[in-house]
Structure formats: structure tokens, C-alpha cells
Amino acid sequence: MPIPAVVVRSARQLWRCQWLQLMQGLGPADRDGHYRRPQPAVAEPPPPPALANPGDHVLIVGRSCPWAHRAWLTWTLRGLDPAIELLVVEPDPEAGRWRFASPFEGCDTLAQLYRLGGCDPRARATVPLLWSRSQKRVLVSESARLIELLDRWPAPAEASASPWTGVSPEAVASPEGSASPSREGSTSASLSPSPSPSPSPSPSPPPAPSPSPSAVAAAVASPPAALPLAGAGLPPALSAPLGAFPPGALSPPERREAIQAWRERLQGSVNDGVYRCGLARSQAAYDAAEADLFATLQDLEEALGRQRAAGSAWLCGGPDPSLADICLFATLIRWEMVYAPLFGCGRQPLWFLPELWRWRARFYQLPGVAATCLPEAWRRDYFGALFPLHPSGIIPAGPDLATLVLSSPPQRADDQQQP
């Protein structure tokens, strides 16, 4: 027997009212339905210490949170393990909070630690954050400021020179490329949108063009071919033991203006942009966020092509990745696993943008990076915990991340027609 239309209409109206209430708890929005990231509890960090003080500072992250991931990546690339302890918290979706696997500073939850550190009890207890054991307080919980602080943090005595300085654009983008050795990462953590400041508004470029029907047909018929992961084809630099960038190397003075400009744009259009898509409350809010997101991806594609032509492998030029590369990677590495299927960011497969595809593979192969990428946790924490977006809680299967990332993008039909 079919369900009467009046019952369907009533159920839809009731569900939408409940959905809006649940979404407000997940992430606030303005009157027009645009998602607005809340302010962090501790936005301004202290200056870095003159000398590393091992044992005093703890970087607290969650496995699935992209804002925490950028801090984890900075900590990894700087080789700060001897100077700053890494602690990974677990999600508690039933209570909507983060918890420690075992008590930390006498606290069972992250909210308790925030209160212990003197934070406003009304503030959201988010990751990432840097904790001082000696001062018993949160030094900073705003990810953009935190990665800047980690970049300037004094190098530990055990740190060595960067083993991947001067990697060429072709070094890890060829079909012979492979995953580089990386140290073991933590096995606990999860997801929470962490507060970050909104960038200064800037004119939005026109939306990126949609792929042609012939390109889509070719894409469906020709999925990316997996690359061998046997260790051949990497330059000697990428096969070296994990080293460390010196203080300030991820935002050097000669590239700082370009790095900051890209970071500000990425913050609003890409890093927050995927959340503005997924947490939009109206069709107009989603459409605006989605157009801005793909316009920025297209501009990134063109910028990376220019850098490659100039001999650089990275977004802001130079021989090494920067804080801008870190911020972009933390979002794009989750693209196929989470943002395309769950947040409505599926207008184009990422491999329709071959420069971005190769750039992502390049970054993924930096020593230590793969150990910070935990796709099973991402799928579990996004699909299993974000009830308003995925009420069933069913966790979908996904591709092997390394095989996906290190695949060669297929040649599109419209590219094949070019001379």
C-alpha cells in the first residue's frame, strides 16, 4: 500500500525542522544558510621558545579533522617529534565530544582539559591545540596560527637537514614513482571542524567550466591506472631517512607574500569551502560555495602548471613545500573519500585537474606524510558520526588510498583531440 501524500509531506516538513536544529549544533550558519566557522577558544599563540624544551609541550590532534591534520603535517615535516609530544584523541559521537584514550592531566575529555587550562567554558573544545604541561594551559587552538608557531619552533637537537630539498616536479609524478618510506603514525583519533579565522573577502573568479560529455564518457571508460608501489623510480632524496626542515623553512621570507596570499584564499574557498558546501542550509548557499570551490581549484591547476614550467614542484615556487601546500593537501587528500561523496563536491573528479593530481601524489610521498593519512578513520568518523548529513550511519567502502593517490590520471578525450 502506498504511503499517503499527506504523510510524506508531513514527514518531510518535520524532518527538515529537526535537520536544521541538528545542523546548527554541527556548525552554525547565517540567515541565508551559509556555514560560518565558529571562533577558536585560544586564537593568538605565544612566541616560540628560545630553545626546545622536550617533555613540556603536547600537540593534540584528531585523525580525521583536516585542521588537525595540517598541524600534524607541519609537526612531521619539521621533525619535531623529539621536542613536542603528539597525542591523538578519540571521537565520542554519542556525546558529541573528544575524549582521551587514557586520562591526560587528570582529564577524560578534551572539554575538561580546556576548562583546566582556563578557557571559557562556553568555548568549543576543538583540535588541534598545543598544550603546555608546565603552564597547565592551552597555548593556541587556532590551526592557522598553530602551524605558523610550529614552523618557527626551535629545531630539536636530533634534527637533521631536510632530505627532500630540491625535489623536481617530475621526480614523483612519473608513472614509475612509488611510495617513500615513512615512520609509523599513531592509531587513535578523529573528526571535528576546528575554528579558523575567516579570510578577507576577495572577488570570486568565475566558476570552473564543467567537463564536456565526451570527457565524462572517456573518464568513465578509462579509470586511473594504478602505479607500482615497489620503491623504484624515486630520486635518492625521497628515499632518505626522515629529516627536518629548519625553523621558518615552510614560510621563507622570499616566498612569504605568495604563501600568505594562497593561504588566505584556500582558507575560505577550499579548506572552509568544502564545509560551506556540505553544511549549507540552502541551495543558494551551496551553489555559491561550490562555484567558489571549483573556481579556486581551476586557478590552482593553472598556478601549478606555471610553477612546473618554471622548474618548481610546489604551489608557491621554490625547492620545498610551504605552509600553503600543507593547507591544500589536508583537504585534497580527503577528496574522494569524504568531500566528493558526502559534502557534495563531486562536479569533477580530481583527476580532471592533472596538475593538482600530480601535486597531491608528490606531497603524499614526502617522508612521514603517508603515516598521517588514515582513510578508514576518515570514513568512519565522517559517515558514521555526522548524523545530519548521513542519518543511516552506514560506512561506505572506499579505494586503497595509496593506490588511488599514486595512480596516473587518464588522458581525457578533449585532451586527446589537441595537437
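The values are calculated or read from the model by the stated rules, or taken from the named source; none is laboratory data. Because the structure is predicted, anything quoted here is derived from the model rather than measured. All Cβ positions, glycine included, derive from the backbone under ideal geometry; neighbour counts span all protein chains shown.
Structure notes:
- Looking across segment 105-132, just one residue is without any contact (Cβ under 8 Å) to a residue 40 or more places away in the chain, of a type in the set (A, V, I, L, M, F, W, C) and part of a strand (DSSP E or B), and that is Cys107.
- Unique match (being out of contact with any Phe, Trp or Tyr (no Cβ under 7 Å at 6 or more places or on another chain), at pLDDT below 95 and at negative phi) among Pro49, Pro103, Pro66: Pro49
- Residues (closer than 30 Å to Asp292 by Cβ, of a type in the set (A, V, I, L, M, F, W, C), over 14 Å from the mean Cα position of the chain (by Cα) and not in a loop (DSSP other than H, G, I, E, B)) located in segment 22-74: Leu22, Met23, Leu26, Ala29
- Filtered residue count, segment 333-368, keeping only those that are within 14 Å of the chain's Cα centre (by Cα), touching a residue at least 40 places away in the same chain (Cβ under 8 Å) and not in a loop (DSSP other than H, G, I, E, B): 7
- Qualifying residue in segment 369-388 (condition: assigned to a loop (DSSP other than H, G, I, E, B), in contact with a Pro (Cβ under 7 Å, 6 or more places away or on another chain) and modelled with pLDDT of 95 or more): no
- In segment 400-419, residue modelled with the lowest pLDDT [restricted to those that are in a loop (DSSP other than H, G, I, E, B) and surrounded by 15 or more Cβ atoms within 10 Å (Cβ to Cβ)]: Arg412
- The test for being in contact with a Gly (Cβ under 8 Å, 6 or more places away or on another chain) and within 24 Å of Gln135 (Cα to Cα) does not hold for Glu105.
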